[in-house]
Amino acid sequence: MARFYTKTKIALIITAVSLILIGGICDLWLFPLPHEKIQKPSSNFVYSRDSQLMGCFLSSDQFWRKPVKLDDISPLLVESVLSCEDRWFYYHPGFNPLSLVMAAIDNMKAGRVVRGGSTITMQIARMMEPKPRTVKSKLIEIFRALQLETHYSKVELLEMYFNIAPYGGNIEGVGAASYFYFDKPMHELTAAQAALLTVLPNSPTALRPDRNQAVCRQARDKVLGVMLRRGIISELGYNDALSEKINSIRTIPPDLAPHLCRDLALKYPMHSELISTIDLKFQNTCDGIVNQYQYSLKAKNISNAAVVVIDNATSEVIALVGSLDFDNDKNHGQINGATALRSPGSALKPFVYAMALDQGIITPKAYLEDLPVYYSGYSPQNYDDSYRGVVSAADALRWSLNVPAVNVCAETGMKKYFDMLKKGGISTLRGKYHDYGLPLVLGSCEVKLIELTALYSSLAKGGVYRPYKLIEDDNIDAGEKLFSEETSYIIAEILSELARPEFPSSWEFSVNIPKIAWKTGTSYGRKDAWSVGFNPDYTVGVWVGNFSAEPSPELVGAEAAAPILFDIFNTISSKNEAGWFARPADVGVREVCGVSGKPPRPHCPATVEELHIYGVTSGSRCDIHKEIMVDTSTGFKVCRYCSPGKKSEPKIYEIWPPEITTWLLKTGSLAMLPPQHNPDCQGIYYGDRPIINSPREDVEYYIRSHLPLDEQGILLDASVSSDSRHVYWFVDGSLYAEVNPGEKLFFIPEPGRHDILCSDDEGRSSSIAIKISN
């Protein structure tokens, strides 16, 4: 008998070697192994940063597959499968002749198929190329098994089996089966669960535990008996396993951060497991807060909102809400509001002020002009259609004024501003800078909430922009320096001021207001409301609107988006109390004139404090408050030519540039006019000459034949110094009219070239030439 078995083994080895050689030749030239049929597409399982499943998605061929490594599979399952399916797996060349012969004898005795005799390798071949169970198919399986053995190691083949075996319905592989039937990872399987997964591939439809409990239990218990006899489990373990219940309901996957999970699955289709950066504590907090606003927003004809939270230390997105209700098809809930293209309104303004601070163009208290202005056909207007004349840079930013922002952008450089936004991750700026022009600073573009939030996060990181991160494996670059640390600190201080018009009315009387730097935005036509804020720990972006682009009068950043922002910060700050930014060493505090915002002169009546940057901020002193010598008897201003012999005294007046003076005079805002110069003075007086605002030399004027000439008058308008009392207009060398400063005057056009001169009562003048055509 021993000799018989020895000869049999030798025969097996010789046969195997021969078949392997034949298989290899056929493999190379005639019947190559279809490797692509083994590498099946996997499903996508998306996890939070602490490895909690958030969502999963079918493979491209609509199967649930979750590839696993052999080392991650419970040893109980591995030993059970080898004991029941292929005891000689590590010894045969891909098929087992004795097993095939014994199976044939048993099938003949039973009169039906009761054993297959297939090895694990042959089963892989059958799953790779399913065929009817015939003798021919069996021979093909043997051939393919030999090919598989020549291409893969035993460990690789066993791992392959566990990953492509059918487990009922559209579940393939033990990774997916372990989750959907038991809701647990592979290494945590009990003996009973290992037994069930051992037998299920033999008849995946008939033995499905969620459909055929009795048959499934019977097959499982039979495998448990094999495991007991082979010493895989103990008697006690066997009895415990027999009493273990079989779950009759498949696990229902969670549906957390559905927009992010879906987008990650689409972006990384070849990744079966994706570990995201989402922190479920923050995600659930944001979901809950947004849900609380759902009904109040709907009452205002607003159907959606989106939220992004970024951890400033890591640039990781730790929470993302894409819409109010992912499953609401009517309101397009499956659109991801965090990545949708929307108009940002005023939300881009802080960054132009940051550039101007870095260039030393402005300081927080320095005044900016808020007057009607004209840029080659473009004339910006404020949100409330009014002007304030002069306003500090800090207030212009806090009050979100359009005209000062456009002026600052023009002075810092439109191209520089455009390039900075692109460096800061705004990927939606696909044209050239001149395609957008100065309106860009007011939101004449489209942005993504997630990119805008990341840009604001750069202010919390000392001016360094780093791309946001969505999965743990993302390798992001070291960052791009957009602003200095000093400028970032000053902008944060400006934006943390609560006393401003855009403060949400719903928070006016709250005592738990978190300290954050924040800004709102409202798009043209009230289609989008924004609010973005940051503290040292987190940056939060909120968008509110309708994906249909339907406007609503309630879509204002301060009232629709800012309350959500404050609620989120109030909640997350209570969990992790944030301090505030440390003041950089190169940021100091200085006294400046309360009117001009510049270092004061002795005659400036009041001063205020402002933050400034050493070595960057200009040290030029106040040029608004000026000392004028006034004749005590006549009240006229006197100079060195006419003051001798007169009793005079010094008085302090505000002397503004002509444009501002004209506006102050028109609005009655000039507190006290400087006195008129002594009319008897024979000296020469110097000062600011008039600035002609209209007509413009760079515009060609046309007479329209279908309108009367008196309806086509060209406005004559000029800005004059505060000491000017009269304005004189000359056309082609002749006096056309005398008017008061700010008084409107129209010139009836005549074809041809005309010289226009404007003079004041001090003899100061400016001139231009215009062309009028028929």
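Under a no-solvent Debye model with one identical scatterer per Cα of the stretch 625-750, what's log10 I(q)/I(0) at q = 0.13 Å⁻¹? One equal scatterer on each Cα of the stretch 625-750 leads to -0.66.
Stokes-Einstein diffusion of the stretch 172-305 at 25 °C, 0.890 mPa s viscosity, Kirkwood radius from Cα pairs, rounded to a whole number: 134 µm²/s. The relative contact order of the stretch 363-428, computed from alpha carbon pairs under 8 Å that lie at least 6 residues apart in sequence, is 32 percent. Looking at the stretch 530-656, the pairs of alpha carbons with a distance over 17 Å make up 75% of the total. In the chain, the DSSP beta bridges split such that about 90 percent are antiparallel, to the nearest 5. Size descriptors for the stretch 350-389: radius of gyration and Dmax over Cα atoms are 12.2, 30 Å. Fraction of C-alpha pairs exceeding 18 angstrom in the stretch 627-678: 37 percent, rounded to a whole number. Extension gain for Lys744 to Ser296 (0.36 nm times residue separation, less C-alpha to C-alpha distance): 156.4 nm. Mean projected area of the Cα convex hull of the stretch 226-330, taken over all directions, amounts to 12.6 nm². Its Cα centre serving as origin, the chain has a Cβ charge dipole (Lys and Arg +1, Asp and Glu -1) of approximately 3900 debye.
Overall shape of the stretch 119-215 was characterised from the C-alpha gyration tensor. The equivalent ellipsoid obtained from it has semi-axes of 26, 17, 9 Å, in decreasing order. Partners of Lys37 within straight-line reach, counting aspartates and glutamates whose Cα lies under 13 Å from its Cα and excluding those fewer than 8 residues away in the same chain: Asp61, Glu129.
Computed over the chain, the per-residue total of -39500 (n - 2.57) for DSSP H runs of n ≥ 4 gives a 222 nm mean residue ellipticity of -10000 deg cm²/dmol, rounded to 500. Listed cross-link partners Lys469/Lys515; Lys298/Lys448; Lys267/Lys422; Lys281/Lys432; Lys300/Lys349; Lys69/Lys267 are compared with a 30 Å cut-off, the Cα-Cα value being larger for Lys281/Lys432. In the chain, the ratio of gyration radius to Kirkwood radius, Rg to Rh, stands at 1.22 when only Cα atoms are counted. Within the stretch 685-753, the proportion of Cα pairs with more than 19 Å between them is 40 percent.
We did not get these values from a lab; they are worked out from the coordinates using the rules stated. Everything quoted here is computed from the prediction, not taken from an experiment. Here Cβ is always computed from backbone atoms with ideal geometry, including for glycine, and neighbour counts include all displayed protein chains.
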